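In what follows, a single structure is set out as structure tokens and then discussed.
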Amino acid sequence: MSKSGPSHNALSYADAGVDITAGNDLVDVIKPLAKSTRRKGADAALGGFGGLFDLKACGFKDPVLVAANDGVGTKLKLAIDSGIHRGVGIDLVAMCVNDLVVQGAEPLFFLDYYATGKLDVKAAADVIAGIADGCKQAGCALIGGETAEMPGMYKAGDYDLAGFAVGAVERKKILPAKNVKAGDVILGLASTGPHSNGYSLIRKIVDVSGVNLTEPAPFDKGKTLAQALLTPTRIYVKTILKLLKKHSAIKAFAHITGGGFTENIPRVLPKNTVAAIDLSAVPFTPVFRWLQKTGGVAESEMLRTFNCGIGMIVVVKAKEAKAVAQAFTRAGEKVVTLGTIRARKGNEAQVAYSGSLPE
């Protein structure tokens, strides 16, 4: 063998840029994290070729499985640039399990996919610790995943994430209910910030602002700009599941993700109805005011890009709207009444706005 390097007959996987030892080290870190998420139906042990889950152990009688997958989008770039990784793990779980619970489903288990050019065990461990945090918040088990080291596919330090969640709901309790109708009340549950949507625009606004990620956030002096913008997505699962057991008046939920109010609310409405939203009731928090003002973003663009302060919409029977709102408040959610469902006229848009977002 030449002293200058291995011969063409003695190449290893490490010579190609893949470090199997680092991958094994990461698995050792992950195992206790996964174990901490165990729940009925799963012991969350890793090491097999597939994750096992015992649906019978959960007590369902006539279950329908519900599956969702998602990523974190370009919010990852802020995490990578700032070196703050844990929160995006929570985001990954949140974006999936919040999509499950709006159909009345209890999240059961979660799997992740982590892809990078060269594995940084510490960064990956931080991300997966966040995934375990999110799973515990949602009450689901982390039963498996995949870590892919792919030299040449990603720049140094870059990584990407995908998440996959499966839940179950009793057949008779699938949401949205078919009886959503004119007169129903629309409640909104507050978000913790932009959650995991609109970050390509957010990063553009940060560039325009001239504020460095390590400097105090203009809208939150107690945090750096990076810390504030990386606030994890709120996971509404346990609150929603708890209230669904107590309040049959809840008819539908809409997870406000990419597309904002404008595109997500119609997904749970009958075609003959419209959601009439009073924008003055939206808790338009300082982060959104800063984004709108700094980027000169039109109100219509804000409403179809960001959640604007509302991460979850609840449609409820009018007579019980006050009681349901109070129950969400007692459960720790910030709740506002946003409007009502009314009859649709012709082919008008299914979300009708009145008023303006607070200044």
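Could you list, in sequence order, the residues of the range 345-355 that are exposed (fewer than 12 other Cβ atoms within 10 Å of the Cβ) and touching a helix residue (DSSP H, G or I) at 6+ places or on another chain (Cβ under 9 Å)? Across the range 345-355, the qualifying residues are Ala349, Ser354.
For the range 325-339, the candidate set comprises residues that are in a helix (DSSP H, G or I) and open to solvent by 70 Å² or more (accessible area, probe 1.4 Å); within that set, the residue that is farthest from Val237 (Cα to Cα) is Gln326. One residue stands out in the range 145-176 among those that are at pLDDT below 95 and in a loop (DSSP other than H, G, I, E, B): the one that is nearest to Phe109 (Cα to Cα), namely Met150.
Every residue, every condition in (1) open to solvent by 10 Å² or more (accessible area, probe 1.4 Å); (2) in contact with a helix residue (DSSP H, G or I) (Cβ under 6 Å, 6 or more places away or on another chain), yes or no:
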position	(1), (2)
Ala162	yes, no
Ile174	yes, no
Lys181	yes, no
Gly198	yes, yes
Asp220	yes, yes
Ala226	no, yes
Arg234	yes, no
Lys242	yes, no
Gly260	no, yes
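Condition check ((1) buried (at least 18 other Cβ atoms within 10 Å of the Cβ); (2) assigned to a strand (DSSP E or B); (3) of a type in the set (A, V, I, L, M, F, W, C)) across all residues:
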| position | (1), (2), (3) |
| --- | --- |
| Phe288 | yes, no, yes |
| Leu291 | yes, no, yes |
| Leu303 | yes, no, yes |
| Glu320 | no, no, no |
| Ala323 | no, no, yes |
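Taking Leu187, is it closer than 23 Å to Ala68 by Cβ and within 20 Å of the chain's Cα centre (by Cα)? Considered against the rule, which asks whether it is closer than 23 Å to Ala68 by Cβ and within 20 Å of the chain's Cα centre (by Cα), Leu187 comes out as yes.
Applying the set (1) open to solvent by 40 Å² or more (accessible area, probe 1.4 Å); (2) in contact with an Asp or Glu (Cβ under 8 Å, 6 or more places away or on another chain) to Lys155 leaves exactly one unmet item: (2). The set of residues in the range 85-144 being open to solvent by 10 Å² or more (accessible area, probe 1.4 Å), touching an Asp or Glu at 6+ places or on another chain (Cβ under 6 Å) and modelled with pLDDT of 95 or more consists of His85, Arg86, Ile90, Tyr113. Does Arg342 qualify as being at negative phi and either in a strand (DSSP E or B) or surrounded by 19 or more Cβ atoms within 10 Å (Cβ to Cβ) (or both)? Answer is yes for this residue. The C-beta contact set for the range 338-359 (first residue touching a residue at least 12 places away in the same chain (Cβ under 8 Å) and more than 17 Å from Arg267 (Cα to Cα), second residue assigned to a loop (DSSP other than H, G, I, E, B) and not β-branched (Val, Ile, Thr), distance under 6 angstrom, 6+ apart or interchain) comprises Leu357/Phe284; Pro358/Phe284.
The values are calculated or read from the model by the stated rules, or taken from the named source; none is laboratory data. Keep in mind that this is a model prediction, so the values were computed, not measured. All Cβ positions, glycine included, derive from the backbone under ideal geometry; neighbour counts span all protein chains shown. Heads up: the accessible areas ignore ligands, DNA and RNA and are worked out on the full protein's heavy atoms, side chains in. Shrake-Rupley method; radii C 1.70, N 1.55, O 1.52, S 1.80 Å.
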